[in-house]
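What follows is one structure encoded as structure tokens, with my remarks underneath.
The values are calculated or read from the model by the stated rules, or taken from the named source; none is laboratory data. This is a predicted model, so every value here is computed, not measured. All Cβ positions, even for glycine, are placed from backbone atoms using ideal geometry, and neighbour counts span all protein chains on display.
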Amino acid sequence: MCQNNNEFISLGQVLHKTPQILRSLPRIIRGLRLSNNSAPGQPCGLGLTFEQAAQRNPDGVAVLYEDRRYSYRQFNQRANQIAHYLAARGIGKGDVVGVFLENRPELLVTVLALAKLGAISAMLNTSQTQNVLLHSINLVKPVALVIGEELLAAFEEVRGSTEALNKGLYYIADQDAFAAPGDTPAGYLNLLDETRSASEHNPATTRQIQGNDPCFYIYTSGTTGLPKAGIVKHGRWMKIYGGFGIIAMDMQPDDVMYSTLPLYHGTGLCVCWGSAIAGASGFAIRRKFSARSFWDDTRAFNATVIGYVGELCRYLLDQPERPDDHSNPVRKMLGNGLRPGAWGPFKERFGVEHVCEFYAASEGNIGFSNVLNFDNTIGFSLMPWALVEYDRERGEPVRDANGFLKRVGRGEPGLLLARVDEKTPLDGYTDPEQTRKVILENVFEPGDRYFNTGDMLRSIGFGHAQFVDRLGDTFRWKGENVSTTEVENLLIQHPRIAEVVVYGVDIPNTNGCAGMAAITLQDPHTPVDMQELLSYARRQLPPYAVPLFLRIKQSMETTGTFKYQKKALKQEAFDPRQAGDEPVYAWLPGSDRYVPVNDELFDSIIRGQHRY
């Protein structure tokens, strides 16, 4: 959603922050130094930063989950055992290992162990099933997989079609696997049982990791359809660790970060966990987000910081007000997507002092953070960036008579570009061709190179920016990027569907865009079973990608180059008065089928009577 806020940051506001800026200078300098700790031969990365935190705060709580607490010493030693065991089985630097677990300590200790070896954790999305899951696994050619009991059934559906995996299938029971042995299904090795007698000492490999070594593959849905694997290198980890953990958040050993965000995403795994490690602080996690239990959890964990996305904040604001809303230990929040209309009410209702809104992309090389605690901004970036004119109709940035891109003025929305050079390299994707597609050349002068973020921002003064919109054939819903091409490719396989066009539409007072599909039928004269069609979509797609609305068309309008015309469809959305004689259907929360949208139902959705 566009953050429509036309306020600019004034000189007076900046001067008012001068004492805060001066107090922050030592940690800013330290954060910058650590962010650039990726010179050749210089050890760095997740494993090293965790070992340093364990040295600084060995008895402090590192990870909190339900009623379990693990100190930095315990957690580091357990990761060391896993690392030594996997090394003995031939897993080492550069090997890819798929990690398929829900949010729990066993996921964190696994990726920490792999990072110490220089192996690459491919963070499989726990919502994926069937063809999408198989694609994500085979895309990165893992030598091994670590699978949680809770996701075993989903993996077993595709196991016979997976490639490689010649260094083992490892299983982790869905229990306190740190403490108790568990039963192991046939064909798997129980990772935590097998490693209990291994060495607890830090492996020598930790200090052999350098900035250019990959740490994670984090999947993203792009305009090409199926998920791509974005590379997060250890040098990028250091930038996140220094930029967010030290400069922005300044967490201390007695702080606790509480995050319910999925750990297969960069926000939860890198930004939130990295900030906690930077302060040798606690990291509290929950299997799945619960609006009802959220603030009770912060009290139970004594959480001083929370991780968020905009949708999470909306769910919390939608909860009935309670007398103890303001009585919680949270002082700061770190995340992205908080709408201007919710910013002030959220801070006031829940007593949060600092909203550290940020902007970043797992596969990119640019990050903004609201270090100075202004309202309604993603903050500033210390990396070189520019906003340029973008032609939405042609789908490309605008070049002047000399062939160079045109910068936009202050307050005007523009396409965000980030310079790519030795100081700000682009990790990109596992597929070099996909990386090449997001790099623009000869942008402002011959030979320069910039990363095309695909996002529209506006400058609001003193280096600060606001997020405006996301371009391309993706839209964001429930904190996830949804690829229209991916959804189209799966829906078109339904035997009744002839053509399908997917796009995002607005539902008032929700974050992002809800999915809608316009379809034509193989046989327009035969009624469609709307319960079966929804069931099919839910089997094939992650929950966040299932279209909430359908429109049945007689024919699709196309351009002269045979591209579907989405602009009018987006504008008309799910309003039956705009669709004319073409029927529109909706999947209402809690139902099991698409139902016809008439004027009355449309108005009730617009009024927010259905809780999407």
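Kindly list, by first and then second residue, each pair from a residue in the stretch 19-36 that is at pLDDT 80 or above to a residue that is basic (K, R) and not in a helix (DSSP H, G or I), limited to pairs with Cβ atoms under 8 Å and residues at least 6 apart or on different chains.
Going by the 8 Å Cβ cut-off, there are no qualifying pairs.
With the condition kept exactly as written, say whether any residue in the stretch 219-226 is under 12 Å from G307 (Cβ atoms), aliphatic (A, V, I, L, M) and in contact (Cβ under 8 Å) with a residue 60 or more places away in the chain.
No, the stretch 219-226 has no match at all.
Could you tell me whether the stretch 587-605 includes any residue that is exposed (fewer than 15 other Cβ atoms within 10 Å of the Cβ), out of contact with any helix residue (DSSP H, G or I) (no Cβ under 9 Å at 6 or more places or on another chain) and acidic (D, E)?
yes
Looking at the stretch 452-480, which of its residues are assigned to a loop (DSSP other than H, G, I, E, B), touching a Phe, Trp or Tyr at 6+ places or on another chain (Cβ under 6 Å) and of a type outside the set (G, A, S)?
Residues of the stretch 452-480 assigned to a loop (DSSP other than H, G, I, E, B): 462-463, 471-473, 478-479.
Retained after the next criterion (residues that are touching a Phe, Trp or Tyr at 6+ places or on another chain (Cβ under 6 Å)): 463, 478.
Passing the criteria: only K478.
What are the pairs with Cβ atoms under 8 angstrom where one residue, in the stretch 132-152, is within 29 Å of T484 (Cα to Cα) and assigned by TED's automatic domain parsing to the domain that holds G94 and the other, located anywhere, is of a type in the set (D, E, K, R) and in a strand (DSSP E or B)? Sequence gap at least six, or different chains.
Qualifying pairs under 8 Å: L139/K228.
Scanning the stretch 233-258 for residues that are out of contact with any Cys (no Cβ under 7 Å at 6 or more places or on another chain) and among the charged types (D, E, K, R), which turns out nearest to M383 (Cα to Cα)? If you could, list the steps in order and put the result at the bottom.
Initial filter on the stretch 233-258 (out of contact with any Cys (no Cβ under 7 Å at 6 or more places or on another chain)): 236, 239, 241-247, 250-256, 258.
Cutting the leftovers down to among the charged types (D, E, K, R) gives us 236, 239, 250, 254-255.
Values: R236: 13, K239: 11, D250: 20, D254: 31, D255: 28 Å.
Per the criteria, the residue is K239.
Considering each residue of the stretch 356-377, count those that are within 17 Å of L338 (Cβ to Cβ) and in a loop (DSSP other than H, G, I, E, B), and give that number. Step through it out loud before you land on a result.
Taking the stretch 356-377 as the starting set, the residues that turn out to be within 17 Å of L338 (Cβ to Cβ) are 356-360, 367-377.
This time we only want the ones that are in a loop (DSSP other than H, G, I, E, B), so: 370-377.
Qualifying residue count for the region: 8.
Would you check which residues across the stretch 424-451 are assigned to a loop (DSSP other than H, G, I, E, B) and exposed (fewer than 11 other Cβ atoms within 10 Å of the Cβ) and list them?
The answer is E445, P446, G447.
Specify the residue that is surrounded by the fewest Cβ atoms within 10 Å (Cβ to Cβ); the eligible residues are those in the stretch 496-531 that are hydroxyl-bearing (S, T, Y) and within 27 Å of the chain's Cα centre (by Cα).
T510
How many residues are assigned to a loop (DSSP other than H, G, I, E, B), at pLDDT 90 or above and in contact with a strand residue (DSSP E or B) (Cβ under 7 Å, 6 or more places away or on another chain) when one looks only at the stretch 382-409?
Within the stretch 382-409, the first condition is being assigned to a loop (DSSP other than H, G, I, E, B), and the residues that meet it are 382-384, 389, 392-395, 398, 400-404, 406, 408-409.
Restricting the remaining residues to those that are at pLDDT 90 or above gives 384, 389, 398, 400-404, 406, 408-409.
Filter again for in contact with a strand residue (DSSP E or B) (Cβ under 7 Å, 6 or more places away or on another chain), leaving 384, 389, 398, 406, 408.
Summing the residues that are assigned to a loop (DSSP other than H, G, I, E, B), at pLDDT 90 or above and in contact with a strand residue (DSSP E or B) (Cβ under 7 Å, 6 or more places away or on another chain) in the stretch 382-409 gives 5.
Going by the structure shown, is R476 under 17 Å from the mean Cα position of the chain (by Cα), buried (at least 16 other Cβ atoms within 10 Å of the Cβ) and not hydrophobic (A, V, I, L, M, F, W, C)?
yes
Which ranges mark the strands (runs of 3 or more DSSP E) fully within the stretch 190-280 that have 1 or more residues being of a type in the set (S, T, Y)?
Correct list: 214-220, 256-259.
Taking the condition of being closer than 16 Å to P203 by Cα and of a type in the set (S, T, N, Q), how many residues in the stretch 84-135 meet it?
1
Just to be sure, is E149 more than 30 Å from A361 (Cβ to Cβ) and under 27 Å from the mean Cα position of the chain (by Cα)? Reasoning before the result, please.
Working: more than 30 Å from A361 (Cβ to Cβ): yes; under 27 Å from the mean Cα position of the chain (by Cα): yes.
It is true that E149 is more than 30 Å from A361 (Cβ to Cβ) and under 27 Å from the mean Cα position of the chain (by Cα).
Rundown of residues vs (1) over 17 Å from the mean Cα position of the chain (by Cα); (2) surrounded by fewer than 21 Cβ atoms within 10 Å (Cβ to Cβ); (3) under 20 Å from S71 (Cα atoms), yes/no style:
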| position | (1), (2), (3) |
| --- | --- |
| M249 | yes, no, no |
| D254 | yes, yes, yes |
| Y258 | no, no, yes |
| G266 | no, no, no |
| A278 | yes, no, yes |
| G282 | yes, no, yes |
| I285 | no, no, yes |
| F289 | no, yes, no |
| T298 | yes, yes, yes |
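Just the residues that are buried (at least 16 other Cβ atoms within 10 Å of the Cβ) and small (G, A, S), please, taken from the stretch 170-198.
Within the stretch 170-198, A173, A177, A198 meet the criteria.
Please find, among R73, R33, R69, the residue that is under 27 Å from the mean Cα position of the chain (by Cα), basic (K, R) and surrounded by 15 or more Cβ atoms within 10 Å (Cβ to Cβ).
R69
If Q493 satisfies all but one of (1) out of contact with any Leu (no Cβ under 9 Å at 6 or more places or on another chain); (2) crowded, with 16+ Cβ neighbours inside 10 Å; (3) at pLDDT below 90, what's the number of the condition it fails?
(2)
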